[in-house]
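Colleague: Attaching a single structure in structure tokens format; questions to follow.
The values are calculated or read from the model by the stated rules, or taken from the named source; none is laboratory data. This is a predicted model, so every value here is computed, not measured. Cβ coordinates were reconstructed from backbone atoms using ideal geometry, including for glycine residues, and neighbour counts include every protein chain displayed.
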Amino acid sequence: MEETLRLAYLREGKPEKFDPKCINYQPGQSPMVTAILGTFQRERPAANFMIGGLYYESVVIGEAANFIGAMQVGGTANTHQMPFIVATCDYVLLGEELYAAAAYISKEPIQIASIAGENWIKFLLLALVVLGIILESAGYPLISDFLRW
Amino acid sequence: MATVFRRAEILILISGMLTGLILFDYFFPVPGLSDAVGVVNTWAAGVSAFALALGFLSAARIHLYYIQRRIPGRWPFSLWLFILTAVLTVSGLISEGSLPYAWCFKWVFTPLGATLYAITGFYIFSAAYRAFRARSLEAGILLVAGIIVMLGNTTIGELIWNQIPIINEWLQLTGQTPAMRALLFTASLGLVIFGFRVLIGAERGYLGVSGEGGS
């Protein structure tokens, strides 16, 4: 984590701004929420990036950041937390957008190609779903039999 | 020597091999390979334990700094952290059922966690207030759907209009479930592609090393 952040500061040409003390380790969900709420009140950050496998902390942290007027970016693939992310954050990354964000920002050809490939697989699977519905309705359960195999 | 092991190629090779091994075992269960994957999973548990220790060292470094510099409003809490860590570590090593260890968990940690979880209700209330403001057509639809679902989950809803529970059920099963499944489906596909990018070394942000292969 420290190396990742150090490198990010270095890449932006401001290595002197990096302070390892800004990285706080919190061992657990409730201690993390408490620590973040305290940090928000003390330091009043301008932005909050809340990305990952979030649980009940999404609404608590999101609302606390709203109270202090911070700009928020939220992202999760956890469907139960998506409504809270949408309700509290200014910008959201939902589901697959979360995994495509790095490719979108970096513009690296290999990463972009993987997203394009993913879209083609999606179309292919969608076509298979439609074909499966037609075959199943016509009394030929070929695809469902194949999936059960 | 240490810099050799921190080179991007080495890290990508290790993560690629392990990802490939686990993926292959998932799709093509080969006898013997499953045992190897089991060993890898045990290693993962061991590495997680090391991460916990590393996390504590990181936290200890910061809190020692606060104590040494007597940072106002911080150093007493940092000192308290070390005292509690020492008490709980020693009592936990003696026995998990020892009085300070069990007492702290039962009467301090658990109630504090439950209290924090309980205040989520207030945060949901204020988030819902903002989300349900009918400023656009979409927000208006959300507001109506939200009211119907809330009423449908209470007994008063049926008293107001006996069709509310039926509409509520339709919204949750026919309206919500397909949308959630579509999100899950595409997210799962995105995760597989992300795993593939990790496998081939195209995704290297998690390594904390530069893209050029150096450390």
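Colleague: Report, by residue number, each residue of the stretch A:114-149 that is in a helix (DSSP H, G or I) and more than 20 Å from B:F185 (Cα to Cα).
Modeller: Within the stretch A:114-149, A:I134, A:L135, A:E136, A:S137, A:L142, A:D145 meet the criteria.
Colleague: Something else about it: Go through (1) in contact with a helix residue (DSSP H, G or I) (Cβ under 6 Å, 6 or more places away or on another chain); (2) within 7 Å of chain B (Cβ to nearest Cβ); (3) surrounded by 13 or more Cβ atoms within 10 Å (Cβ to Cβ) for A:G74 and report which single condition fails.
Modeller: For A:G74, the failing item is (2).
Colleague: Going through the stretch B:63-76 one residue at a time, which ones are assigned to a helix (DSSP H, G or I) and without any contact (Cβ under 8 Å) to a residue 12 or more places away in the chain?
Modeller: Scanning the stretch B:63-76 gives B:Y65, B:Q68, B:W75, B:P76.
Colleague: Here's something else I'd like to know. Pick from A:V86, A:V33, A:V73, A:V59: which is assigned to a strand (DSSP E or B) and of a type outside the set (F, W, Y)?
Modeller: Exactly one of A:V86, A:V33, A:V73, A:V59 is assigned to a strand (DSSP E or B) and of a type outside the set (F, W, Y), namely A:V73.
Colleague: Collect the residues in the stretch A:98-149 that are of a type in the set (S, T, N, Q) and either at pLDDT below 85 or surrounded by 13 or more Cβ atoms within 10 Å (Cβ to Cβ) (or both), keeping them in residue-number order.
Modeller: Those that are of a type in the set (S, T, N, Q) and either at pLDDT below 85 or surrounded by 13 or more Cβ atoms within 10 Å (Cβ to Cβ) (or both): A:S106, A:Q111, A:S114, A:N119, A:S144.
Colleague: Would it be correct to say that B:G157 is within 14 Å of another protein chain (Cβ to nearest Cβ) and in a helix (DSSP H, G or I)?
Modeller: On the way: within 14 Å of another protein chain (Cβ to nearest Cβ): no; in a helix (DSSP H, G or I): yes.
Considered against the rule, which asks whether it is within 14 Å of another protein chain (Cβ to nearest Cβ) and in a helix (DSSP H, G or I), B:G157 comes out as no.
Colleague: State yes or no: is B:Y26 in a helix (DSSP H, G or I), free of Cβ contacts under 8 Å to residues at least 60 places away in the same chain and farther than 29 Å from B:F196 by Cα?
Modeller: Judged against the criteria, B:Y26 is not a match.
Colleague: Please pick out the residue among B:V87, B:V37 that is surrounded by 10 or more Cβ atoms within 10 Å (Cβ to Cβ), touching an Asp or Glu at 6+ places or on another chain (Cβ under 7 Å), among the hydrophobic types (A, V, I, L, M, F, W, C) and in a helix (DSSP H, G or I). Talk me through it step by step, then tell me what you get.
Modeller: Numbers: B:V87 fails: touching an Asp or Glu at 6+ places or on another chain (Cβ under 7 Å).
The match here is B:V37.
Colleague: Within the stretch A:31-44, is even one residue at the interface with chain B (Cβ under 10 Å from one of its Cβ atoms) and in contact (Cβ under 8 Å) with a residue 24 or more places away in the chain?
Modeller: yes
Colleague: Of all residues in the stretch B:11-34 being within 23 Å of A:M1 (Cβ to Cβ) and either touching a Pro at 6+ places or on another chain (Cβ under 8 Å) or among the hydroxyl-bearing types (S, T, Y) (or both), which is surrounded by the fewest Cβ atoms within 10 Å (Cβ to Cβ)?
Modeller: B:T19
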